[in-house]
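I have placed the structure first, in the form of structure tokens, so that the comments after it can refer back to it.
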Amino acid sequence: MSRRRRVLDEQLQQIYLDAAEEAANVERSGNYAKAIDLWAEAEKCAVTITQREWCNTRRHYCRNWQGKRERKQ
């Protein structure tokens, strides 16, 4: 792999990690509606299939908990 390609892969990986970290922080704060959107953005930045699947799983989890909160209110 060329150095240029390796640097690009590292940059893409960092973009994904930053997006996923932001989504996780918002999810932990309980703002599931915003976390759903942020997990979708992180999924777009994902480098691997595993990362995409993780983002999709977290998005569904947040959607489920957002629905539970809305039913309680």
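For residues that are in a helix (DSSP H, G or I) and out of contact with any helix residue (DSSP H, G or I) (no Cβ under 6 Å at 6 or more places or on another chain), scanning just the stretch 23-34, find the one that is surrounded by the most Cβ atoms within 10 Å (Cβ to Cβ). It would help to see each step written out before you state the result.
Applying the first criterion (in a helix (DSSP H, G or I)) to the stretch 23-34 yields 23-29, 32-34.
Filter once more, so that each one left must be out of contact with any helix residue (DSSP H, G or I) (no Cβ under 6 Å at 6 or more places or on another chain): 24-25, 28-29.
Values: Ala24: 15, Asn25: 12, Arg28: 9, Ser29: 10.
Per the criteria, the residue is Ala24.
Does the stretch 47-73 hold any residues that are of a type in the set (A, V, I, L, M, F, W, C) and modelled with pLDDT of 95 or more, and which are they? Spell out the reasoning first.
Keep residues of the stretch 47-73 that are of a type in the set (A, V, I, L, M, F, W, C), which gives 47, 49, 54-55, 62, 65.
Those that are of a type in the set (A, V, I, L, M, F, W, C) and modelled with pLDDT of 95 or more: Ile49, Trp54, Cys55, Cys62.
Looking at Gln51, Gln66, Gln14 in this structure, which one is without any contact (Cβ under 8 Å) to a residue 60 or more places away in the chain, of a type outside the set (D, E, K, R), surrounded by fewer than 15 Cβ atoms within 10 Å (Cβ to Cβ) and assigned to a helix (DSSP H, G or I)? Give the steps one after another, and end with the answer.
On the way: Gln51 fails: surrounded by fewer than 15 Cβ atoms within 10 Å (Cβ to Cβ); Gln66 fails: surrounded by fewer than 15 Cβ atoms within 10 Å (Cβ to Cβ).
Just one listed residue meets the conditions, Gln14.
For the stretch 35-48, enumerate the residues that are assigned to a helix (DSSP H, G or I), of a type outside the set (A, V, I, L, M, F, W, C) and more than 17 Å from Gly67 (Cβ to Cβ).
Matches in the stretch 35-48: Glu41, Glu43, Lys44.
The values are calculated or read from the model by the stated rules, or taken from the named source; none is laboratory data. Values in this document were obtained by computation on a predicted structure and should not be read as measured data. Counting neighbours? That spans all protein chains shown, and the Cβs are built from the backbone with ideal geometry, glycine included.
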